[in-house]
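The values are calculated or read from the model by the stated rules, or taken from the named source; none is laboratory data. Just so it is clear, the structure is predicted and the values come from calculations on it, not from any experiment. Note that each Cβ is placed from the backbone with ideal geometry, even for glycine, and that neighbours are counted across all protein chains shown.
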Amino acid sequence: MKRIYLDYAATTPARPEVVTAMTPYFTEASGNPSSIYSYAQEARGAVEEARTRVAQLIGARSEEIIFTSGGTESDNHALKGVAYANEDKGGHIITTSIEHHAVMQVCKFLERRGINITWLPVDKYGLVDPEDVRKALTDKTVLISVMHANNQVGTVEPVEEIGKIAREAGVYFHTDAVQTVGHIPVNVDKLNVDLLAISAHKLYGPKGVGALYVRKGTRLVPFIHGGEQEKRRRAGTENVPGIVGFGKAMELARQEMDEEAERLTHLRDKLIRGLMEKIDDIRLNGHPTRRLPNNVNISVDFVEGESMLLNLDLEGICASTGSACSSASLEPSHVLLALGIPPEQAHGSLRLTLGRGNNEADIERVLEVLPGIVAKLRAMSPLSRPRTQE
Ligand code: PLP
């Protein structure tokens, strides 16, 4: 049975070109970039070349890129780094109720340590209102953190407008762009951001590597103390193969992103239309148009998301009920609840996220298999209303 992978928001496979670019840095070019002999300088050169490639894709300068271990570290660094560096100004951060755990849990951590956090609501599509951001500002606000696009429902936030408000108020602005960089255009100047988190494994690069963009002049406490790597902003011997692979993935994204986004939008819309036609009592979660090109998130009444997943798995189809990080929890997704979706509907949600490996035939296969799975589960479900009374 052919496996159909529809969980590209959780992670993407590294592209063969990425693996080829990384390989020499495990063996024949495995010097420590901090050593001064020429052999090690090969590794240093490769790290700096990757830095340029990362910077290029987001319109930044290479000295504004800090390599990290991934999106989670980048978010932690941005939030704690600004909070600690600006303690003199006061302790207030504005964020949203739909952030990834990598932001949400850091804000909760800071809240327990006396920092005031404003958790902004979103509308039924998952959109933050920039005016709510403006109204939440106080003279103690040090940071605004609003994700670029949501990893569960795919809604793309009005980050550019929020950035303007932050700029006018003289407040730092961070965005978690883990789901957007490499998929839709991201430019740090256009978005008016000071800090931006990226993760390589979401854009066909290796796992365990990412970057934090830090606009020149931003006051930030280093996240990891130790050696002098990354201009003392993030100590530790660099993950050279990972960084090189990340750089390669960014270069490929720069060349192919627009075309791929168009292809995926077509497949996404075909899948949404087909599901709506073939299954009763379902709804699309997230914004109908302001959404990531690869994201489909639906709530299916009278069935459990987990049961749909297990049945899809039996058919070789990999999907998700929410974000990868919360799949071990039985709580309904905080994102779906923030959109005002009742818990019982949130429990029946399914996220299908498309990527490079998918084609029309995959979409057709899902449309062939899923309606039958839903009908079977509904027939067994105590939640289901009797079909004969319709
Ligand atoms: N932020 C968002 C929006 C994500 O989707 C993820 C991954 O699921 C992360 C942060 C964490 O990234 P990483 O897995 O690189 O730590």
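Observations, loosely collected:
- Residues of region 42-83 that turn out to be of a type in the set (Ser, Thr, Tyr), assigned to a helix (DSSP H, G or I) and within 16 Å of the ligand (Cβ to nearest atom), as a count: 2
- Filter result (part of a loop (DSSP other than H, G, I, E, B) and more than 30 Å from Thr11 (Cβ to Cβ)) within region 128-172: Asp129, Leu137, Thr138, Asp139, Lys140, Gly170, Val171
- Flag for Glu99 being assigned to a loop (DSSP other than H, G, I, E, B) and within 16 Å of the ligand (Cβ to nearest atom): yes
- For Ile184, the requirement of being β-branched (Val, Ile, Thr) and surrounded by fewer than 23 Cβ atoms within 10 Å (Cβ to Cβ) is met.
- Residues satisfying the stated conditions in region 218-238, i.e. in a loop (DSSP other than H, G, I, E, B) and among the aliphatic types (A, V, I, L, M): Leu220, Val221, Ala235
Residues are listed down the side, and each one gets a yes or a no for (1) within 18 Å of Gln56 (Cα to Cα); (2) away from the ligand (no atom under 13 Å from the Cβ); (3) assigned to a loop (DSSP other than H, G, I, E, B); (4) modelled with pLDDT under 95:
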site	(1), (2), (3), (4)
Val181	yes, no, yes, no
Asn187	yes, yes, yes, no
Pro206	no, no, yes, no
Lys216	yes, yes, yes, no
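- Selection within region 189-204: residues that are outside any loop (DSSP other than H, G, I, E, B) and more than 7 Å from the ligand (Cβ to nearest atom). The member of this set that is nearest to Leu292 (Cα to Cα) is Ile198.
- For region 102-134, the set of residues classified as more than 24 Å from Asn297 (Cα to Cα) and either within 16 Å of the ligand (Cβ to nearest atom) or of a type in the set (A, V, I, L, M) (or both) consists of Val106, Cys107, Lys108, Phe109, Leu110, Ile115, Ile117, Val133, listed by residue number.
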